[in-house]
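The values are calculated or read from the model by the stated rules, or taken from the named source; none is laboratory data. Since the structure is predicted, the reported quantities are computational estimates derived from the model, not experimental observations. So basically every Cβ, Gly included, is an ideal-geometry build from the backbone, and we count neighbours across all protein chains shown. The area values use the complete protein model at the heavy-atom level, side chains included, leaving out ligands, DNA and RNA. Shrake-Rupley method; radii C 1.70, N 1.55, O 1.52, S 1.80 Å.
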Amino acid sequence: MFEINKRDGLARLGKIKTSHGILETPTLLPVVNPKILTLSMEELAECGAQGIITNSYIIYKNPELKEVAEEKGVHGLVNWSGPIMTDSGTFQSHVYGEIEIKPEEILEFQKKIGVDIGTVLDVFCEPETRFEQAKEELTETQKRIELADKNKGNIFLAAPIQGGRHLDLRTKAAEMASTTNAEIFPIGGVVPMMEKNHFKILAEVIIAAKKGLDSSRPVHLFGCGHPILFALATFLGCDLFDSASYAKFASRDSLMFTWGTRNLDELEELPGEFSAAPGMTVKKLKGLEKKERQKIIAKHNLRVSFAEIRRIKQAIHDGLLWELVETRLRASPALMKVFDVIKNEIEWISQFEPAYRYKTPLKTGVESDIRPIFTSLTNSFDNGNMTHPYFGKIPTYLSETYPFHPGLLQEDLEGWRMEEWGIERVKVILDYQFGNGIGDLFAKGNTELVISRKTKRLRNLLLDGKHIVSLSHRRGLFILQEGGAELLHKHSKMPQFRVVVNPETAEFNKNGKSVFCKFIEDIDSELKIMDECIVVTPDDELVAFGKLVVSPKELELGQQGMAVRVRAGFEN
Ligand code: GUN
């Protein structure tokens, strides 16, 4: 039900396939209160909503709403034909204290009214709750998740992760929830943290949950509705957001931006991001009647939210999400503190880093220095002969190879020059990419470089007539070919460079079919997502080669789907 199509670190672009349509993640589900409609369904869709979230408890408690919902279903009640998620009443228990409903009662009701995604009635754990009580509450939540999991019928089940501020409980909660068949994992109990601008603990809680969650399923951040947080939350591996904030903020004349919130009273000018009403000015907006003004501001808040989501998606395509997150974190002192969390967790985060990105990484400030790409490669060459502004001395031969390729830094690179293609350059890149010695290995014999006559770029390396590697000139790194895969296999030991697959499915890989996560028995833990790799059986028979499209850590966390995009197999 969840297909991941692209990643950047922990962030992913995916699709949740519900019976009323697809949610392309990351996305925001605007909260629809069936009693008070701030915006119409058409307006929500216009702003960019693909799905909505509403509250089954509110519907259940209101006799008129309940009757319509039972008769026409939740889609008929709110008049939305796309995906609908419902919450369970837990948030009402946080706001008002006790609520009167049993977990199984609200689950049955969600099934009855035909929701696409229903939520377990979890126990809302407050950030102040002490460890012992938080643990007890968690036991109860898990019991309810397991019971709901058995009786969910054909709705998708959202199993909330609680645990308050206790990070070990969060990880434990995530591990327990992952043993069920729940389709979605919302991280709960975080609204009070966001309301108090406690973003440091919010980031810690998300990371602690992610450490225990099955990475093949989508993660929802409950009540996260401020666009200032979307890039960070996506960066930490959240896929879905929901919030009533767009409407709540509007009701007190507050406008949301990716850099903060402004009350209409404080504004002298409408920032460029405002697009909810053409020709609008601060003066005109202030002069509007309350209801109309509220609607325009709610629209603004949602439009800004969805624009930010599109910005994040583009950043994931570009491989520039770190850069975007850094910029967003500089918006306030409370957000700046999140840099400390990233620094403390850098080892864990680095396990999801790719072998290369589409665009060259950029430093946006001193905080960028903690990024694995900069710490792992700075001043790491003995044979450097040109100075890179980020990486210190690097060999000129790597001047067109990721991440040294100048990108936007062209003017800052001292002595940067295009190198001619020769075997020495090829060897330096091979050593950098695959490890010392591979350059010599791939060039021992009669080498031939196939160079494009038109562009003067290297295309292929042949050795004794065999195709060893091709060059991807966009990233300046090599792509394995049959001869290279055979050499790597012959001259390295298990499990280096290897993805070890179940011998029965290896037959498919020999025919060039891709490797799927569930058939992997072992993997070289040094490999990074997007690395070139070879596919072998447990007896180390070489069956195929290609590109790894998951990180070894994700495999450990239960990732599913394609693992190696096989370029070719070795048929017997
Ligand atoms: N909405 C905001 N926070 C929560 C939470 O912790 N649980 C549920 N079910 N809904 C929420």
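You can think of it this way: the chain between Arg453 and Ala307 has 48.2 nm of extra reach, that is 0.36 nm per residue less the Cα-Cα gap.
Near the amide H of Asp531, within less than 5 Å, lie the amide hydrogens of Ala355, Leu548, all on another chain or at least 5 residues away, with H placed in the peptide plane.
In order along the range 57-64, the Karplus-derived 3J(HN,Hα) couplings, from 6.51 cos²θ - 1.76 cosθ + 1.60 at θ = phi - 60°, round to 5, 4, 5, 4, 7, 9, x, 5 Hz, and Gly and Pro are given as x.
The longest part of the chain holding none of the exposed loop GluC sites (Glu not before Pro), meaning those outside H, G, I, E and B in DSSP with at most 13 other Cβ atoms within 10 Å, is 129-267. Note that the range 24-40 has calculated 3J(HN,Hα) couplings of 8, 9, x, 8, 10, 9, x, 6, 10, 8, x, 8, 10, 9, 6, 10, 6 Hz, one per residue in order, obtained from phi through the Karplus relation 6.51 cos²θ - 1.76 cosθ + 1.60 (θ = phi - 60°); glycine and proline are x. What FRET efficiency do you get for Asp168 and Glu70 if R0 is 41 Å and r is their Cβ-Cβ distance, rounded to the nearest 0.05? So, using R0 = 41 Å, E works out to roughly 0.45.
Put simply, the amide H of Thr447, placed in the peptide plane, has neighbours under 5 Å in Asp464, leaving out anything fewer than 5 places away on its chain. Solvent-accessible surface of protein heavy atoms, probed at 1.4 angstrom with all chains present, puts Lys299, Lys513 in the order Lys513, Lys299, largest first. Determine the distance separating the Cα centre of the range 314-351 from the Cα centre of the range 46-109; give it in Å without decimals. One Cα centre to the other: 35 Å.
For chymotrypsin sites (Phe, Trp or Tyr not before Pro), the sites in the range 248-322 that DSSP calls loop and that have at most 16 other Cβ atoms within 10 Å are Trp259.
Our analysis of the range 383-467 gives Rg over Rh at 1.00, with the two radii drawn from alpha carbon positions and Rh computed by the Kirkwood formula. Within the assembled protein chains, the solvent-accessible surface assigned to Phe131 is about 70 Å², based on a 1.4 Å probe.
Database remark: amide H of Gly14 closer than 5 angstrom to the amide H of Asn5, Thr25 (H placed geometrically; neighbours at sequence offset of 5 or more, or on other chains; Pro and chain starts carry no H). Among the protein heavy atoms, those of Arg565 account for about 130 Å² of accessible surface (1.4 Å probe, every chain in place).
Expressed as a whole percent, the accessible area of the chain that falls on carbon and sulfur atoms is 48 (1.4 Å probe). The stretch between His467 and Thr378 holds 28.8 nm of extra length on full extension. This uses 0.36 nm per residue minus the Cα-Cα distance. Go ahead and run the numbers for FRET between Lys291 and Val95, Cβ-Cβ distance against an R0 of 35 Å, rounding to 0.05. That pair, Lys291 with Val95, gives E of 0.90.
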